[in-house]
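First comes the structure, then the notes that go with it.
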Amino acid sequence: MKYSMVIQWSEVDQLYLVHLPEFPTQQFVTHGSTHEEAARNGQDAIVSLVEWYKSQNKPLPQPILAEVT
């Protein structure tokens, strides 16, 4: 499954913050000092969340599918 990742710059924190919209109980789940680092950390967070959902026998959230034209 492919999940969405929103990465945005925070002037307050001076970091890129990562939000995973399909996992609504999470606000910002990770961050990075560069966009690339934030993306890697976001991928790691997705893997961890999926593993946790599976270990708890919880249904995984449905991915938000967006068409790019």
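The values are calculated or read from the model by the stated rules, or taken from the named source; none is laboratory data. All values reported here derive from a predicted model rather than from experimental measurement. Glycine also receives a Cβ, built like all others from the backbone with ideal geometry; neighbour counts cover every protein chain displayed. SASA here: full protein model, heavy atoms, side chains in, ligands and nucleic acids out. Shrake-Rupley method; radii C 1.70, N 1.55, O 1.52, S 1.80 Å.
Within region 22-31, the set of residues being open to solvent by 30 Å² or more (accessible area, probe 1.4 Å) and aromatic (Phe, Trp, Tyr) comprises 28 only.
Contact map, region 40-69: residues that are farther than 13 Å from residue 23 by Cβ paired with residues that are open to solvent by less than 90 Å² (accessible area, probe 1.4 Å) and at pLDDT 95 or above, Cβ distance under 6 Å, separation 6+ or inter-chain. Pairs shown: 41/32. Only residues that are over 9 Å from the mean Cα position of the chain (by Cα) and surrounded by 18 or more Cβ atoms within 10 Å (Cβ to Cβ) were counted across region 32-48, and they come to 1.
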